[in-house]
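All remarks here apply to the structure that follows.
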Amino acid sequence: MTNQALENAAQAIRNARCIMAFTGAGISVESGIPPFRGPGGIWSRYDPALFEKAYFKQHPADVWPLLKTIFYDMLDSAKPNAAHHALVQLENNGKLAGIVTQNIDSLHQAAGSTVVHEYHGSTRRMQCMSCRTFFDSQDISLDSLPPCCPACGGVLKPDFVFFGEGVPSHVHQAATALAQQADVCLIIGTGGLVMPAGRIPSIVKNNGGTLVEINLSDTEYTYRISDYFLQGKAGTLLPKLVHEVLQ
C-alpha cells in the first residue's frame, strides 16, 4: 500500500454523502478472536456440520459445550481494538452512517458504535426453541448445559445464524437499505465468501458508489469491484485512514 492509495481513499471518503462499513472476522482478529476460515480458523478445528440448525435441534446437549467454549468463554475476554474505535471516531464526526457486520461478537457496540446491523446475529441474546422468547445472555447461566428457558423450560439457542438457517428478514432489509443509500463502503476484514452477506458491497457498487477495501490479502472483492485496496492489518490501517480523512 502506498501513501497515495491512502490519500486517494481518504479523499473519496471526505467527498462522500453517506458512508457505511461492511465488516467481517478480520476486524476482530486483533482482539484475539480467530477467524472462521483459513489456517488456524475455527472450522479447521471443529466440524461445521455440528453447527447445522437441524443437528442442534436433535442434539443440543452435544453442541452446547462447543458453543460455550468457542462463542462464550473466548468472546467474554475480547475487547474492541483500534479498528473498532476508528469506526466510532468516523461516526462521531458525522462521517459514518452505519455498520453492517457479519460478526457475532458485538465489539462494534462495545467500542461505542450506535448503528450496527448484525447480519448473522449476536452472542448477546438467546432464544427459546419452544416458546420463542428472547433473553439477554448475561442473565443465563451456562453452568448446566444445555441452558433452559426460564419461562417454559425449553432449550435455549444462541441468537446467531447457524448453518441451514436463514438470515432474519428485518436484518437483511435494514442492511440492504443502508447499502442502497451509501456512496462509499468500507470493506474491512472480509473476503465476501459468505452469502448473502457478501453481496452487500455490490449494492453500493451497482449504485455508482466507491468501495475501499482493507484486508490482509486480496479477496474476491479486490480485483472485481474494489476501487481502493489497502493491504494490511485493520487495526493499523483504519486509524491511519480515519486520521487522513479528519485532518
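Exactly one residue among V194, V184 is out of contact with any strand residue (DSSP E or B) (no Cβ under 7 Å at 6 or more places or on another chain) and of a type in the set (A, V, I, L, M), and that residue is V194.
Look through region 172-197, keep the residues that are among the aliphatic types (A, V, I, L, M) and assigned to a helix (DSSP H, G or I), and return whichever of them is modelled with the lowest pLDDT. If we take residues in region 172-197 being among the aliphatic types (A, V, I, L, M) and assigned to a helix (DSSP H, G or I), then A197 is modelled with the lowest pLDDT. Taken over region 138-190, the criterion of being under 16 Å from the mean Cα position of the chain (by Cα) and of a type in the set (V, I, T) is satisfied by V161, V167, V171, T176, I187, I188, T190. Of all the numbered requirements in (1) hydrophobic (A, V, I, L, M, F, W, C); (2) outside the structural domain of I214 (by TED's automatic domain parsing); (3) closer than 29 Å to H172 by Cβ, M20 misses one, and that requirement is (2). Annotation: R132 fulfils all but one of (1) in a strand (DSSP E or B); (2) among the charged types (D, E, K, R); (3) more than 25 Å from M195 (Cα to Cα); the unmet one is (1). Please indicate, with yes or no, whether at least one residue in region 148-156 is crowded, with 16+ Cβ neighbours inside 10 Å, in a loop (DSSP other than H, G, I, E, B) and touching a Ser or Thr at 6+ places or on another chain (Cβ under 6 Å). Checked region 148-156: at least one residue is crowded, with 16+ Cβ neighbours inside 10 Å, in a loop (DSSP other than H, G, I, E, B) and touching a Ser or Thr at 6+ places or on another chain (Cβ under 6 Å). In the set V100, V63, V116, which member is buried (at least 18 other Cβ atoms within 10 Å of the Cβ), at pLDDT 95 or above, assigned by TED's automatic domain parsing to the domain that holds R17 and touching a Phe, Trp or Tyr at 6+ places or on another chain (Cβ under 6 Å)? So the residue among V100, V63, V116 that is buried (at least 18 other Cβ atoms within 10 Å of the Cβ), at pLDDT 95 or above, assigned by TED's automatic domain parsing to the domain that holds R17 and touching a Phe, Trp or Tyr at 6+ places or on another chain (Cβ under 6 Å) is V100.
Taking the conditions (1) surrounded by fewer than 16 Cβ atoms within 10 Å (Cβ to Cβ); (2) within 30 Å of T222 (Cα to Cα); (3) among the small types (G, A, S) in turn, G191 satisfies each one other than (1). Taken over region 198-227, the criterion of being under 17 Å from the mean Cα position of the chain (by Cα), of a type in the set (A, V, I, L, M, F, W, C), buried (at least 22 other Cβ atoms within 10 Å of the Cβ) and not in a strand (DSSP E or B) is satisfied by I200 alone.
To keep it simple, each residue is scored yes or no on (1) in a helix (DSSP H, G or I); (2) at pLDDT below 95; (3) surrounded by 17 or more Cβ atoms within 10 Å (Cβ to Cβ).
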| residue | (1), (2), (3) |
| --- | --- |
| F22 | no, no, yes |
| F36 | no, yes, yes |
| G40 | no, yes, no |
| A54 | yes, no, no |
| I70 | yes, yes, yes |
| L75 | yes, yes, yes |
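Restricting region 105-159 to residues that are in contact (Cβ under 8 Å) with a residue 24 or more places away in the chain and acidic (D, E), the residue that is farthest from A21 (Cα to Cα) is D159. One residue alone among F162, F135 is aromatic (F, W, Y), modelled with pLDDT of 95 or more and in contact with a Phe, Trp or Tyr (Cβ under 9 Å, 6 or more places away or on another chain), and that residue is F162. Per this entry, L90 is counted among residues that are within 27 Å of K240 (Cβ to Cβ), of a type in the set (A, V, I, L, M, F, W, C) and either part of a helix (DSSP H, G or I) or assigned by TED's automatic domain parsing to the domain that holds N15 (or both).
The values are calculated or read from the model by the stated rules, or taken from the named source; none is laboratory data. Just so it is clear, the model here is predicted, and its values are computed rather than measured. Methodologically, a virtual Cβ is constructed for each residue, glycine included, from the backbone with ideal geometry; neighbour enumeration extends over all protein chains shown.
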